[in-house]
Amino acid sequence: LAAARDRFGVAVLLDVHSMPPLATGGARVVIGDRFGRSAAARFIGRIEGVTHAAGVRSAVNTPYAGGHVLDRHADPAAHIHAIQVEIDRTLYLDRRRDQPGPGFDAAAALLRRIIDAVADEALPLAAAAQ
């Protein structure tokens, strides 16, 4: 991460996890930033925008705020951001939860859009650093 930050002016770690479905009506994607301590708010906002545009309910830090990986690697003041992204496994697995399901391609596309949005948010800093 330090090498990426040194090269591009910023580094962003996305720690992607699979979560069980939350209560009925709950979020399908949970974005964790250790309550603002592991990443700049602009990255969280971009991820929320992507999930909203996709019609996927999201939440920030509840019930998953991130843990050891974010605590260990994040240093937003030094332009190293870390974000946990929990994705409801019912979005991409079959009913038995042991094979890709009918939503697999859509979930993969959603994750790709999240990655692209975070990269897009980071790139202005990277361009300014060069």
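The values are calculated or read from the model by the stated rules, or taken from the named source; none is laboratory data. It should be emphasised that the depicted structure is a prediction, and the values quoted were computed from it without experimental measurement. Counting neighbours? That spans all protein chains shown, and the Cβs are built from the backbone with ideal geometry, glycine included. For the accessible areas, the whole protein counts, side chains as well, though only heavy atoms, and no ligand, DNA or RNA atoms are used. Shrake-Rupley method; radii C 1.70, N 1.55, O 1.52, S 1.80 Å.
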- Message: Calculate the FRET efficiency for D116 and R7 from the Cβ-Cβ distance with a Förster distance of 22 Å, rounded to the nearest 0.05.
- Response: 0.65
- Message: For a quick check of your reading of the filter: which chymotrypsin sites (Phe, Trp or Tyr not before Pro) in the range 22-130 sit in a DSSP loop and have no more than 15 other Cβ atoms within 10 Å?
- Response: F35
- Query: Taking only Cα atoms, what is the 0 to 90° angle, nearest 10, from helix 41-53's long axis to the longest principal axis of the chain?
  - Reply: 30 degrees
- Message: What is the angle, in °, between the Cα long axis of helix 104-129 and the longest principal axis of the Cα atoms in the chain? Nearest 10 is fine, range 0 to 90.
- Response: 10 degrees
- Do the sum for the chain: with -39,500 (n - 2.57) for every DSSP H run of n ≥ 4, divided by all residues, what is the mean residue ellipticity at 222 nm, to the nearest 500 deg cm²/dmol? -12500 deg cm²/dmol
- Could you give P(r) for the range 85-124, binned at 5 Å from zero, as whole percent values over all Cα-Cα pairs? 6, 25, 22, 18, 12, 8, 6, 2, 0
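Quick one: putting +1 on the C-beta of Lys and Arg, -1 on the C-beta of Asp and Glu, what dipole do you get for the chain around its Cα centre, in Debye to the nearest 20? All intermediate terms of the calculation are to be shown ahead of the outcome.
On the way: 15 positive and 14 negative charges, 35 e Å.
Dipole magnitude for the chain comes out near 160 debye.
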- Task: Calculate what fraction, in whole %, of the accessible area of the range 1-46 sits on carbon and sulfur atoms when a 1.4 Å probe is rolled over the protein chains.
- Result: 56 percent
- Query: Over all directions, what mean area does the Cα convex hull of the range 1-66 project, stated in square nanometres?
  - Reply: 5.0 nm²
- Task: Just the number, please: percent antiparallel of the DSSP beta bridges in the chain, rounded to the nearest 5.
- Result: 35 percent
- Taking only protein heavy atoms and a 1.4 Å probe, what accessible area per residue, in Å², does the chain have with all protein chains in place? 55 Å²
- Label-point separation (nm) for A77 and T62, each offset 7 Å from Cα along Cα-to-Cβ? 2.9 nm
- Hull surface divided by four, with the convex hull built on the Cα atoms of the range 56-127: how many nm²? 6.3 nm²
- dims of the chain, Cα set, principal axes, largest to smallest, nearest Å -> 47, 25, 24
- Estimated inter-spin distance, D105 and S18, nm [label 7 Å along Cα→Cβ]: 2.1 nm
